[in-house]
Amino acid sequence: MAVLDVMAVEIRRAGRPGDLGWVVQAHGELYAAEYGWGESFESLVARIVADYANDHDPELEAAWIAEQDGERVGCVFCVRGPDEGTAKLRLLLLHPDGRGQGLGGRLVDTCLEFARSAGYKRMVLWTNDPLVAARHIYLARGFKLTGSEPHNMFGEELLSQTYEADLTS
């Protein structure tokens, strides 16, 4: 009889020492390795994380870390959007060690549930066209593409994409 290797997976609120630093480091390392994006991308992530750390309302904003066997393997943030009825999904990331188990979907579901319970009516997100796996997660959860625009960012020509989900249905 074969023994199954079951990994312990947990999605928890960010807040432990090192969580926010890990978010910046993991984004910087993975996006450099997988897409060739450099310091300008890591700097953007650092600004988003710093803004969250310095001024977030825990009733309206939250961040989560996915852990597998006690190691961080993913994250997602829910922050205030451009108006009081809109939340933003930010910084979804899955380390290769955590991929292929549905963790990305679980992180996004956690973010959507929080946004609904906080009273948001819609959620928006901004991404770039090479992030195909993330796009599949968003589309499977009802996000619709609302805009796209070519830009030169992170050292290459990209197509930025904006998605939106209705949280009232």
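The values are calculated or read from the model by the stated rules, or taken from the named source; none is laboratory data. Owing to the predicted nature of the structure, the values given are computational and were not obtained by experimental measurement. Virtual Cβ from ideal backbone geometry, glycine too; neighbours counted across all protein chains shown. Protein only, heavy atoms only, side chains kept; ligands, DNA and RNA dropped before computing areas. Shrake-Rupley method; radii C 1.70, N 1.55, O 1.52, S 1.80 Å.
Computed from Cα atoms alone, the Kirkwood hydrodynamic radius reported for the range 18-114 is 13.8 Å. Packing here is the average count of other Cβ atoms within 10 Å per residue, and on that basis the peptides 114-125, 130-141, highest first, run 114-125, 130-141.
For Asp83 and Ala53, compute 0.36 nm times the residue count separating them, minus their Cα-Cα distance, and round to one decimal in nm.
Numbers: separation 30, 0.36 × 30 = 10.80 nm, distance 2.02 nm.
Answer, rounded to one decimal: 8.8 nm.
Given labels modelled 7 Å from the Cα in the Cβ direction, how far is it in nm from Glu149 to Glu29? Taking the simple label geometry, Glu149 and Glu29 are separated by 3.4 nm. For Leu92, the amide hydrogen comes within under 5 Å of the amide hydrogens of Phe77, counting only partners 5 or more places away or on other chains and with H modelled in the peptide plane. Relative contact order of the range 31-169, taken over Cα pairs closer than 8 Å and 6 or more residues apart, is 20 percent.
Pairs of alpha carbons in the chain separated by more than 27 Å make up 23% of all such pairs. Here the range 72-169 is described by how far its Cα atoms reach on the three principal axes: 37, 31, 20 Å, from widest to narrowest. Using heavy atoms of the protein chains and a probe of 1.4 Å, the accessible area assigned to Thr168 is about 90 Å².
Can you work out the accessible area per residue across the range 1-144, with the rest of the protein chains kept in place, probe 1.4 Å, in square angstrom? The partial results should precede the final answer.
Working: 7490 Å² over 144 residues.
That works out to 52 Å² per residue.
Within the chain, the whole DSSP H helices whose Cα atoms reach 15 Å or more along their own axis and whose mean Kyte-Doolittle score is at least -1.0 are 19-35, 39-54, 103-117.
Using a probe radius of 1.4 angstrom, the carbon and sulfur fraction of the accessible surface of the chain is 51%. Taking label points 7 Å from Cα along the Cα-to-Cβ direction, Glu156 and Glu10 give a separation of 3.6 nm. If you sort the three axes of the alpha carbon gyration tensor as a ≥ b ≥ c, you get a/c of 1.5 or more for the range 33-89 and a/b no higher than b/c, which makes it oblate.
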